[in-house]
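The values are calculated or read from the model by the stated rules, or taken from the named source; none is laboratory data. As the structure is a computational prediction, the values presented were derived from the model and not from experiment. Note that we place each Cβ from the backbone using ideal geometry, even for glycine, and neighbour counts take in every protein chain shown.
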Amino acid sequence: MPMGRFAFVFGAALPLALGSAALAEDVVIRIEAKRGAEAAQASAEAWGAQFPDVVTFPLSEGWVGIALGPMPREDAAARLDELKQQRKVPGDSFIATAEGRSFTPLNVTAAAEPANSAGNASTFPQDTAAAVTGDPASPAVAPEPVAEPEPAKFFLRLESSPNLAKAEEMLEKWRQTLPESGLWTLPNGRSAIAFGPMDEATGTAWLKAFKNAGAIPKDAFLSPAEDMGEVAIAGKTPELGAPPAPEAEPVSMPPLEDIQRALRWAGHYEGSIDGKDGPMTRAAIAAEIVRLRASPDTATAMAELIARRAAWRAEMGLAELQDSHTGLTLPAPMDKLQFERAERALSIYGPKDGSGAALILFSQPGGQQEMLDLAGLVTALGWVPSPERKVTRGAVTLDGQNQTHIGHAEARVIDGRVQGFVLIWPVSDPENQHRLAAEISDNLTRFAPGAGEAQPEVPAIAPADPPETPAPEPATPAN
């Protein structure tokens with residue numbers, strides 16, 4: 001099919017009416033999701049110790065989202081960047097729209113504190129108040145429980161140097177991957193970079209996990225706090241998932257194909273979804289354990305990552321789209337898209353309710369040249385502005401952006417056909433754009449012939465039954 005015909009048909013109708021409403025909307029920063037109200041409440045209360053604006057909201061299939069906000073999108077973007085740099089929220093936290101959500105603010109303190117006669121929260125416990133009044137009927141003040149001694153603290157010793165200036169340079173480098181690291185002056189006068197504190201069981205497990213991931217030197221070791229000397233440059237206490245309890249049942253390793261899909265969603269894997277344990281998969285698993293820090297146990301960490309992806313899919317409202325015009329099926333955020341039109345080999349879904357999103361699907365007979373022609377058309381129509389092209393035999397990928405949107409396009413030659421998609425997404429939400437593109441790419445399949453494809457014709461008149469062959473007459477017996 002000539003590409004010039006496509007340009008004529010669509011040139012006047014594009015660019016798509018993407019709009020800018022999404023840039024001014026209120027949003028939340030999604031930091032976690034838990035299945036079940038009890039687990040979500042416990043997690044939200046833990047987050048509430050750090051942030052004053054924790055909210056929860058229902059997701060599908062029994063999941064509950066935990067977020068910060070709501071707030072204007074521009075404020076959320078700056079805040080999320082800062083929180084990620086400070087390692088105060090998970091690395092896969094993202095911005096989600098607040099519109100249409102039912103949020104429940106976390107108000108644990110006010111709910112737990114009794115009110116006094118003026119309707120204000122009491123500033124001391126009731127039993128203490130009774131003792132102060134001298135009322136003989138008041139219960140006696142219970143003795144304060146004896147605090148148990150804190151467990152011994154340990155640090156991961158990463159590297160050391162006799163030169164303070166060099167050690168400070170080393171610390172800046174280490175903080176790029178382990179930002180909580182600090183600098184210590186050891187009793188022998190050397191300067192050491194260390195990461196902690198943590199209890200001994202946690203430190204032992206994470207020392208092994210970090211070494212397996214290649215994130216720390218092989219000669220790094222666990223050092224008791226009393227051997228560390230004095231703090232020269234203070235670090236921060238890292239948030240590390242606890243190792244599995246010795247008596248706990250071991251977590252089964254999820255299927256490797258599911259792990260690869262989750263790793264691609266998280267942005268750590270660019271290989272094939274083939275279920276094979278290759279070097280790219282192992283490196284991506286190691287990187288994710290260091291980044292997410294959910295657990296030093298590989299199976300537990302991967303199960304947590306897969307759960308995060310499932311919660312994100314529910315949050316984004318991904319649904320299976322079966323497009324009869326192209327014969328393609330894929331997961332798509334249909335809350336943000338609406339069908340606009342189908343022309344020739346293209347099926348176009350535009351933005352819904354000012355979402356700023358769009359999706360174009362295409363499928364037509366052809367090979368390498370037709371694929372390159374389609375890539376040129378996508379560029380000419382501005383769907384992927386000023387794209388960076390990656391072309392191989394039978395595949396092409398385009399990535400680009402401007403002031404309003406990010407464009408990503410993929411085309412493949414499969415069984416004599418060129419098929420693929422273009423995803424357009426608001427420039428203010430690059431993280432979800434990357435994740436959506438990965439989800440679509442990994443799951444785009446052909447479920448039926450396209451509407452414009454020729455079907456075998458049924459004969460108008462059925463052929464007549466062949467004439468019956470007469471049975472041979474019996475031979476005349478010889479005389």
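A few notes on this one:
- Cβ-Cβ under 8 Å pairs, at least 6 apart or on other chains, segment 64-80 side under 19 Å from GLU38 (Cα atoms) and surrounded by fewer than 23 Cβ atoms within 10 Å (Cβ to Cβ), far side polar (S, T, N, Q) and at pLDDT 85 or above: VAL64/THR56
- Filter result for ASP335 (surrounded by fewer than 17 Cβ atoms within 10 Å (Cβ to Cβ), among the acidic types (Asp, Glu) and over 20 Å from the mean Cα position of the chain (by Cα)): no
- Of the helices (runs of 4 or more DSSP H) lying entirely inside segment 1-104, the ones with 2 or more residues being modelled with pLDDT of 85 or more are found at 37-48, 73-85.
- Among residues of segment 144-158, those that are of a type outside the set (A, V, I, L, M, F, W, C) and either under 30 Å from the mean Cα position of the chain (by Cα) or at pLDDT 95 or above (or both), counted: 1
- Qualifying residue in segment 417-436 (condition: exposed (fewer than 15 other Cβ atoms within 10 Å of the Cβ), of a type in the set (Gly, Ala, Ser) and at pLDDT 90 or above): no
- Among the residues of segment 29-60, the ones that are in contact (Cβ under 8 Å) with a residue 60 or more places away in the chain and out of contact with any strand residue (DSSP E or B) (no Cβ under 8 Å at 6 or more places or on another chain) come to 2 in all.
- Scanning segment 292-332 for residues that are in the same structural domain as GLY350 (by TED's automatic domain parsing) and over 17 Å from the mean Cα position of the chain (by Cα) returns GLU320, LEU321, GLN322, ASP323, SER324, HIS325, THR326, GLY327, LEU328, THR329, LEU330.
- Residue check, ALA380 in the same structural domain as ALA294 (by TED's automatic domain parsing) and either surrounded by fewer than 22 Cβ atoms within 10 Å (Cβ to Cβ) or over 17 Å from HIS434 (Cα atoms) (or both): no
- The numbered conditions (1) within 21 Å of GLN433 (Cβ to Cβ); (2) of a type outside the set (A, V, I, L, M, F, W, C); (3) touching a Lys or Arg at 6+ places or on another chain (Cβ under 6 Å) are all true for PRO365 except (1).
- Complete set of residues in segment 255-276 that are in a loop (DSSP other than H, G, I, E, B) and free of Cβ contacts under 8 Å to residues at least 60 places away in the same chain: PRO255, HIS268, TYR269, GLU270, GLY271, SER272, ASP274, GLY275, LYS276
Let's see how each residue does on (1) basic (Lys, Arg); (2) surrounded by 13 or more Cβ atoms within 10 Å (Cβ to Cβ); (3) assigned to a loop (DSSP other than H, G, I, E, B); (4) assigned by TED's automatic domain parsing to the domain that holds ILE285:
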| position | (1), (2), (3), (4) |
| --- | --- |
| GLU168 | no, yes, no, no |
| GLN176 | no, no, yes, no |
| ALA209 | no, yes, no, no |
| ALA215 | no, yes, yes, no |
| LYS218 | yes, no, yes, no |
| LEU240 | no, yes, yes, no |
